[in-house]
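Comments concern the structure below.
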Amino acid sequence: MATAVSGAPKRSRSSRLELIGGQILAFVGAALFAGVIGGIIIVLYGENPLFVYATVLNYATARPEDIAQVAENATPLIFSGLAVAVAFKAGMFNIGVEGQYIIGMLTAAIAALYLDRLPGVLLVPAVVLSAVLGAAAWAAIPAILKVKTGAHEVVTTIMMNGIAISLVAWAILNPLKSTGEQSVDLRTNLFPGKALMPSLAEPLGLPSSVHLTLLFPIALLACALVWFFLYRTRLGYEVRAVGSSSGSAEAGGISIGAAQIKVFLISGVLAGFVGLNHLLGDKGYLGNNYEVGLGFAGIAVAFLGRNHPVGIALSALLIGVLIRGEDGIALSTELPTEVLIILQGVLILSVVVAYELVRRTVARRQLREEAVVEAAAPAEA
Amino acid sequence: MPLIDLGAAIALGLRYFTILYLTALGGLFSERSGIVNIGLEGLMIVGTIMGAWGTIEYGPVAGLLIGALSGLVFSMVHALATVTFHVDHIVSGVVINLVAVGLARFLSALFFGQATQSDPGIPHLNSIDIPLLDKLPLGLGAAFSNMSPVVPIAFLMAIPTIYVLNRTRFGLRLRSAGENPEAAETLGVRVAPLRYAGVGISGAFAGFAGAFLAIEINQLFREGQTQGLGFIALAALILGNWAPIKVMIGSLLFGIAQAIPLRLSDAPVISLLPEEFIRMIPYVVTIIAIAGFVGRVNPPAAAGRAYEGSAA
């Protein structure tokens, strides 16, 4: 019982290594399990699971542009995974990444369209800043409501998602509606070229159908920054303290409400980047055909990655492989691509379950070892 | 003109109420047993696809029951994850919602040959008129005539729910599992099976509500037809303080709020708003209600917490 209360800080080095090793093992085991379940569904559909999995892998890794495509798919997922994880470290659920990035796309579009006098060097940062501020403001509302009134962020952020979708629908039909000839398209005017995110396709010698941009290295940088924030700054420490035990954090002099609002704003800032690759790297306008669901996918990515920045980057790439594989499945098999969504779900649940089993096993063994130590030296009570 | 619309608006509000209240009552059983269930939306989605298939194959009564049964079966994933494996309740719920969308598309392709919808006009129950109320003047009678028989059933479900929760051994034990699982276990109550039961009931209710939506309201399966109603049901549950009658009032409020964009868009004041802003009304109402009333809510003490009992 004592170990359960004293918790992580006292964990010895060897048992930490054991835990990390166990988690990697758990991930592999869970992935195999998910593959078997997915395989059963595929067999029921009359296809060969090995062929399907090989197709997915082949489509994701065969050529350099396929790998670039995987990185492109992973870019928004890294940001949304980080956004979810940061909030979760403070014991909060940001289910509203979805609405926050949609608002971020809206405010980015406004900046791209109305600040067009700025030179490109300033315009791109201004557009990004605008996205980030919009998304953070959208995140601030549920955070403040939570701290001031106790309204649970899970419900309020979901409602904010619904409002964001309607707001963007209204904006692209009214103040931002394109002035061009094709008024059937529900979208804004095209952004000026200098507002777009610098592409990595040309420098890397890839075809222009790949929308890999500077945002991918920025996403990796964001992983490093989030790691530094969580594990090397005072606020990060406070955030983790609030998340692991709000009672002791408060007793330690940490203002829970203030820490929660700050971390939710940071989460919103990260959410602001989620829609940008789509907006500034691919489309170049905001239309009603924008990608939805990236916020919810972020929750999956965060938990696959154990809420750790490195894990998040890896699991975003893994999901990126699966998304790329959908094209392969659609082209080479009769299988509905939804199989991969089901596979993702099974994977997430089995991974989370496997982590939990490892944690329990390690904790139990540690408890036993401590019992042995205590039995050997029973002087203190 | 607005008064005639009012009858139609109330009729539509009552249909939304039915979806919300049935789903929220299910959520009530789950949360009272200690398991937070934000997967209600996904359980509803499973109910819509399986209910639509069921009614085409075997008629509307069977369709509703098949919807409920499939919600129950699918909810066992949530129970297994949260009760047995102590997965965070929110994470498991989110996964339920993600998988349900994929599953529904998969099944739709299998059943109807297209991923996103069935043919329209699937079989539904004969509608009924409520005696006396359907004769109300000023067009209000329209609200109570030509009604799906499931609507009054939803209201009546409050009675067995209250009875089971407060007057049966099962209800008492279920609540003890949600309030103080340690004490319950000390008294010889086994917490895990109770929580499985709570989640299973929530799955059956949400699946039934989804089947009602597909069969009785839209008369087809269509991707995205649940439109986040599962989450609004969750809000009604919180607003209603996890008590059946108060949840009924909350569901009525949100049901009417849902109907406003579709039936009251011509009413004074509201007609001045752009359509997209009218569509925000249910969400705004929910946020205000949750933020305004939440000081007085009192969730089950152990809801959302894993219980590592002796059997774990």
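Rule-based calculations on the coordinates, nothing more; no lab input. The structure presented is a predicted model; accordingly, all values stated were derived computationally and were not measured. Cβ atoms come from the backbone with ideal geometry, glycine included; neighbour counts cover every protein chain shown.
Some values worked out for this structure:
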| quantity | calculated |
| --- | --- |
| Footprinting exposure proxy for B:F231, B:F208, B:F112 (fewest neighbouring C-beta atoms within 10 Å first) | B:F112, B:F231, B:F208 |
| Degrees, to the nearest 10: A:338-376 long Cα axis against longest axis of chain A | 20 |
| Average beta-carbon neighbours from other chains, 10 Å sphere, peptide B:33-44 | 1 |
| Distance between modelled label sites at A:D327 and B:Q227, nm, 7 Å Cα→Cβ extension | 3.5 |
| Length released on extending from B:R167 to B:D119, taking residue separation times 0.36 nm less the Cα-Cα span | 12.8 nm |
| Distance between modelled label sites at A:R365 and A:R117, nm, 7 Å Cα→Cβ extension | 6.7 |
| Inter-chain Cβ neighbour average for residues A:142-154, partner chain, 10 Å | 4 |
| Geometric extent, Cα atoms of chain A - Rg, Dmax (angstrom) | 22.9, 87 |
| Ranking of A:Y101, A:Y59 by count of other Cβ atoms within 10 Å, fewest first | A:Y59, A:Y101 |
| Estimated distance in nm for a label pair at A:N174 and A:L50, the labels positioned 7 Å out from Cα along Cα-to-Cβ | 6.0 |
| Within straight-line cross-link reach of A:K146, aspartates and glutamates at Cα separation under 19 Å, skipping those fewer than 8 residues along the same chain | A:E98, A:E238, A:E250 |
| Aspartates and glutamates with Cα under 18 Å of A:K194, excluding same-chain neighbours fewer than 8 positions away | A:D116, A:E202, A:D282 |
| Averaged over B:92-104, number of beta-carbon atoms from partner chains that fall within 10 Å | 6 |
| Average silhouette area of region A:84-308, convex hull of alpha-carbon atoms, in square nanometres | 13.5 |
| Angle between chain B longest axis and helix B:40-58 axis [Cα atoms, degrees, rounded to 10] | 60 |
| Straight-distance crosslink candidates among aspartates and glutamates, where the alpha carbon sits under 16 Å from B:K246 and sequence neighbours closer than 8 are dropped | B:E31 |
| Nearest 10 degrees, 0 to 90: helix A:49-61 Cα axis against chain A principal axis | 60 |
| Efficiency of FRET from Cβ geometry, B:L80 and A:I40, R₀ 25 Å, rounded to 0.05 | 0.90 |
| Rounded Å value of the spacing that divides the Cα centres of region B:24-92 and region B:176-245 | 8 |
| Sites A:A140 and A:S208, calculated FRET efficiency, Cβ-Cβ separation with R0 56 Å, nearest 0.05 | 0.90 |
| Chain lengthening between B:E57 and B:E275 when straightened (0.36 nm per residue, less Cα-Cα) | 74.7 nm |
